[in-house]
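Please read the structure below before turning to the comments.
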Amino acid sequence: MKCKGLKMMLLAFVFLVLVNGSVQATGQLEGCTPGFWKNHLDAWQGYAPDDSFAVVFGVPYEKTLLEALEAGGGGENALGRHAVAALLNAQQLSYRWDTDEVGTKVRYAYRNGAFEEIKDVFEEFNEQYCPLD
């Protein structure tokens, strides 16, 4: 019993670390929505719309980054939209996480079926001030 409780506490701690990550030291956080990135392909840096989501994130989601942005619905598709926006935000804005941390969160969601939970975390920060508008 004691061991199971300790394992649960450790898992909760790991989840909190993954979700919260590290905060940028200074400045206002920035983030553009999936809709912005879907409609402003010319603003992309470091990644291309036809890059494979599976290759970029190391998960079994067989769409391009642009297809992920265009996919409707919840669950895995909702995570896909917000993960791509988070990745692009991390690549070029003062975003909450860097690109490696975004990837870690996406892989966590796939390992644990936490699509909506991680999508919600990304969504909050993808709806910050978008300096590219």
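Read the figures in this text as sums done on the coordinates, not as results from a lab. Small disclaimer: the values here were computed from a predicted structure and weren't measured. Quick reminder, even Gly has a Cβ in these numbers, built from the backbone with ideal geometry, and neighbours come from all protein chains shown.
For a straight C-alpha distance cut-off of 16 angstrom, the aspartates and glutamates reachable from K38 (same-chain residues fewer than eight places away being disregarded) are D50, D51, E67, E70, E123, E127, D133. Summary value for the stretch 52-133: 27 percent relative contact order, contacts being C-alpha pairs under 8 angstrom separated by 6+ residues. Once both labels are positioned 7 Å from their Cα atoms along Cα-to-Cβ, the gap between N112 and A48 label points is 3.5 nm.
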